[in-house]
Structures are given as structure tokens and as C-alpha cells.
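One structure below.
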Protein chains: 2
Amino acid sequence: MLYIIGLGLGDEKDITLRGLEAVKKCQKLYIESYTSLLSFGISKDGISTLEKLYGKPLTVADREMVEEKADDMLLEAREFDVAFLVVGDPFGATTHSDLVVRAKKLEVEVKVIYNASVMNAVGVCGLQLYRYGETVSLPFFTETWRPDSFYEKIQRNRGLGLHTLCLLDIRVKEPSLESLCRGKKQYEPPSFMTIGVAIDQLLEVEQLRGELAYNEDTLCVGFARLGSENQKVVAGSMKQLRTVDFGQPLHCLTIVGKTHPVEEEMLDFYRS
Amino acid sequence: MLYIIGLGLGDEKDITLRGLEAVKKCQKLYIESYTSLLSFGISKDGISTLEKLYGKPLTVADREMVEEKADDMLLEAREFDVAFLVVGDPFGATTHSDLVVRAKKLEVEVKVIYNASVMNAVGVCGLQLYRYGETVSLPFFTETWRPDSFYEKIQRNRGLGLHTLCLLDIRVKEPSLESLCRGKKQYEPPSFMTIGVAIDQLLEVEQLRGELAYNEDTLCVGFARLGSENQKVVAGSMKQLRTVDFGQPLHCLTIVGKTHPVEEEMLDFYRS
């Protein structure tokens, strides 16, 4: 059996009792590292906090491993109980459908244990989840690559009065260009898009497109480290949020649509 | 301090370690009953499963209490630690913004402990959450009240290739019409909309409106008891799902938009 277990958003205490029970039963534990492990309050050494709680060793599965060696893990899961631990929810912002599809093809039974995801935890600011339109991802702009397909989506959502959740780019274990040229893999240091960078990119695209999807006075809510003890939620205009120090990653951003009175009352508590 | 604690979707084992730790610290525990408690696998007597786990008594807070006597609970929370337990996530399908607003006005500190919500757990079928448009609610039709504002929203989502999550009506502790006339409150037995009824209502509205937002061949995914040991997920056309016995509540339904190949592969595992 393969257990795919959501760890929730904060730290080791956000696993559910059901999740922990499964972990205790499993003979081997993998933890995905390539999306948001660093933001989970654990450095590479910090893995030991989890290992202590679980009472057994963890294998960190980076992107390469999940993509290239998943079958090894799945073959193990045919023989005994294996857990694949995922920050947040297994089918939240990052989905693990690929792994499930491969498992089913190998006739490995899969059990999913849910947890909170950033996709629902943003509800804490009081904007109702059912008033969100399509979610967008903001990629890091480079000198030559500045994709802006998020612009139409935000425009459409705002036209309908809907809120837009913007997921901000995470770059972990990306091979450096230099190392690719040399044929030897070396990795860029991890980087996480801040709310400030996200707003700069959003405003840059608005200036280029000029279709008034939003502007620097548009109300937004910035979220940092949702679910952790020191989470930070601030509501304000793009201009205001740009200057707020949200601290450590992960960050994400909601562009507010039309609000109801209760939504407004809640947002007021988070005003910068 | 008022702790608003998400219990997750399945049963008592879906609380997080962080949530349980807070519960243990609190002197008084309330649990909201008016949305989805019955579906949480616990009857009124079953509350004792939770009480046994928590080691202390629970006060069931029905809609009346939350609306009329919230301030009593909040005044307690000024003096000592109080927990308000919520099935799913505190800001998922049902939001508790009202309570937070009242708490903040009374200067009661509030701490939210996240958990899975139906809003993210539907991800398990493989349809990606960021490809969902606005969520709709389907209310029980009566002879005289057949609101269909969900129709445009579904139409719009489908026009954009987006999936639509349909939350199905729950009627718990509704005063009966007869009792209202007699001036003495008596309650209707609780009722939960099934996927079959939802599809009948959807198709009735399509027939009336005739704008081809969807039809009986439109691909959907039905979910029952998400997160519990006996959850059921089935993909198929409206026509097909209408005849599936999904069993006990809660049910919800996704109307599928445009799919990506990985989404399709995943859905295939759930075909009826």
C-alpha cells in the first residue's frame, strides 16, 4: 500500500492523527522536498524533527527522484506499506496525480490522507473561497522570459467580481545554466517569489497591456507562512503591500474582487 | 483565547496534532453541529467518541446558539481558553467569519487551526484545483422556490474550460412551516441533497433555459463522504451518475471542464 499523506502547512504538528497512524504503520517513509519543504520550517537537518516524531528515518525525495525513481518506491509499496509525505495536501497547489497514475498502473493500492492546503487556508482572511475564480501562477520573470498569461485570467475574474489567488513561483533544485553547459549538474540556490516581486511583475504587465485589469490601488491580501506560528496576513492596496516586509517564504497573494460586507469587516482586521 | 479548530473531513482521527494539543489546553469545548456534524460519522450519541479522545465534555452548538449566544462563548474566551470545533476547515465551504468578527470586536484573541476542506479534498479525483472556476451552491428546489443563479456561473466556467464544484444543500434544524404557523419551534428532520437530486435539478434548469451550458452527457465527478474510510468517488456523465448509489451524505459534485491528459488518466480510474 502507498499512503500519500498531507502534512499540512505549518510544521510537524500539522499532520492528522490518521496521518500519523499511517506513518507508524509504514516500513519506509519518503518526503517530497522539491516544492515546499524548506518553507515547512525545516532545513535539511530539521528533517530530524520529523524523524523523531515518527520514530523512523525519512528519505528525502527530490524532484529527480520522484520523476525518475518513482517506480522503485512503487515496487516497494507492492511488498509493504510505504508513505509518501507531502507538505500541504496531496492534491492542493501541487498535485501528485502522476504518482497515483503510475501506482495504479502497477496495481499498487493508494490511500490519500487529506490535509489543509494553501488553496483553502487563504480563507482565513475572510474572503470566501466560493467567490474565487481561476487560480493563477506567477512565474519569475527573466530577461528573456516574461510570460503573462495570468493577466487575462485576473482580468476575467475581476470582471466577474471574483477574487484571484496568485501562487508565487518556487525554484528549488533547478540546475544552473552554467552547470548544464558544463554537463555536470549543479543547482541554483532555492528561491521563492516574495509578494513585493509578485506585485512588481503584476504592475509591469498591467503597464504593458494597459487594459486596466487592476492597478496599484487594487485591494489585495498578502499571506506569508500560512499555518505556521508566525503566519502574516496583511490587506492593502498593491502599492501598500509592496512595501510590507512579509519575511520568510512561502508567500502568496489574493487580488480582491467584489466584496460582501462580512468579507470587508474581516479584511479590516488585516489592514496594513 | 478562542481557538477555531478544523476537524477535517472524516472522523475524530482527522484532527491535527496541533488541533488536539489546543483542545487539551482548553477549559471549554464547543462543536458546531448545524452544517455537517451528522455527516462526520457521528450521531448525537457519537459525540462521546470525540469526548473520549479529548478527555473532556463537548457542548454542541447548533445554529441558534452560534447566532444568538455566541457572545456568551466569547466572554468565556476572554477569561480562559475556549475551543470552537468545526467539521472540515474553519474557512472552507462554511465560513466562520461572523464569529471572528464578533470576537475581534470583543477583543478576544482568535487562533485558527487549519484542516482539509471539501474545497481542496475534491482534488483527489485528479482534476486540478487551479482549473476550477467559481463554486456554486445548489439549493433544494421547492414547489415555489426554484432559484437557478448557478446556471450562469456553470455556463461561464464551462465556457472558459474550467471545472465547477457544486456544493449540495444541507438542511439541518430548519423550523418546520407547520411549527412556525403555530408559533412553537419544531424542526424538520435533517436532509442532505444527493447527487441524483442535484443532477435532476441541474437538468431541469438546462431544459428550461436551453442555453446548452451542459447536458446529460456532460462529464461529472460525484463525491460522497470525502475523507472517511468509505468515501466514494465516481466519474461519469450526468446520466450515468444519476443512477449510481452514492450512499450516505455528504455528497458533492464537480462538473468537468476541459481536461488535460493527466487529469483524464486519473479520471479513468474513477469511471463508473
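The values are calculated or read from the model by the stated rules, or taken from the named source; none is laboratory data. All values derive from a computational prediction rather than experimental measurement. Because the Cβ atoms are built from the backbone with ideal geometry, glycine has one as well, and the counts that use them run over all protein chains shown.
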Residue pairs meeting the criteria (Cβ under 8 Å; at least 6 apart or on separate chains; first facing chain A (nearest Cβ under 9 Å), in the range B:1-23; second assigned to a helix (DSSP H, G or I) and of a type in the set (G, A, S)) = B:G6/B:G19; B:L9/B:A121
So, of the residues in the range A:203-228 that are in contact with a helix residue (DSSP H, G or I) (Cβ under 8 Å, 6 or more places away or on another chain), within 14 Å of chain B (Cβ to nearest Cβ) and assigned to a loop (DSSP other than H, G, I, E, B), which turns out to be nearest to A:R158 (Cα to Cα)?
-> A:L226
Residue count, the range A:89-111 (criterion: more than 10 Å from chain B (Cβ to nearest Cβ), in contact (Cβ under 8 Å) with a residue 60 or more places away in the chain and of a type in the set (D, E)) = 1
Please indicate, with yes or no, whether at least one residue in the range A:214-222 is touching a residue at least 60 places away in the same chain (Cβ under 8 Å), surrounded by 19 or more Cβ atoms within 10 Å (Cβ to Cβ) and of a type in the set (G, A, S).
-> no
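Let's see how each residue does on (1) of a type outside the set (A, V, I, L, M); (2) under 20 Å from the mean Cα position of the chain (by Cα):
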{"residue": "A:Q128", "(1), (2)": "yes, yes"}
{"residue": "A:V136", "(1), (2)": "no, yes"}
{"residue": "A:F141", "(1), (2)": "yes, yes"}
{"residue": "A:W145", "(1), (2)": "yes, no"}
{"residue": "A:I154", "(1), (2)": "no, yes"}
{"residue": "A:L160", "(1), (2)": "no, no"}
{"residue": "A:L168", "(1), (2)": "no, yes"}
{"residue": "A:V172", "(1), (2)": "no, yes"}
Sole residue being of a type in the set (A, V, I, L, M) and either under 17 Å from A:G227 (Cβ atoms) or at pLDDT below 90 (or both), chosen from A:V87, A:V82 | A:V87
Scan (1) within 14 Å of another protein chain (Cβ to nearest Cβ); (2) surrounded by fewer than 16 Cβ atoms within 10 Å (Cβ to Cβ) for the single condition A:L138 breaks and write down its number.
-> (2)
Subset of the range B:147-161 [in contact (Cβ under 8 Å) with a residue 40 or more places away in the chain, over 18 Å from B:V221 (Cβ atoms) and more than 11 Å from every other protein chain (Cβ to nearest Cβ)] = B:D148, B:Y151, B:Q155
Condition met for B:Y114 (within 22 Å of A:F269 (Cα to Cα), under 19 Å from the mean Cα position of the chain (by Cα), crowded, with 22+ Cβ neighbours inside 10 Å and facing chain A (nearest Cβ under 10 Å)) = yes
Members of the range B:256-272 found to be facing chain A (nearest Cβ under 9 Å) and assigned to a loop (DSSP other than H, G, I, E, B), listed by number = B:F269
So which residues in the range A:233-264 are surrounded by fewer than 17 Cβ atoms within 10 Å (Cβ to Cβ) and over 22 Å from A:N215 (Cβ atoms), if there are any at all?
-> A:D245, A:G247, A:Q248, A:H260, A:P261, A:V262
Is at least one residue of the range A:227-248 within 19 Å of A:T135 (Cβ to Cβ) and among the aromatic types (F, W, Y)?
-> no
Look at the range A:174-208 and say how many of its residues are modelled with pLDDT of 95 or more and either buried (at least 19 other Cβ atoms within 10 Å of the Cβ) or over 24 Å from the mean Cα position of the chain (by Cα) (or both).
-> 11
Do you know which residues across the range A:75-105 are within 18 Å of the chain's Cα centre (by Cα) and over 27 Å from A:V136 (Cβ atoms)?
-> A:F84, A:L85
Answer from B:V66, B:V60 - the residue that is touching a Lys or Arg at 6+ places or on another chain (Cβ under 8 Å), surrounded by fewer than 21 Cβ atoms within 10 Å (Cβ to Cβ) and either modelled with pLDDT under 95 or not assigned by TED's automatic domain parsing to the domain that holds B:F84 (or both) | B:V60
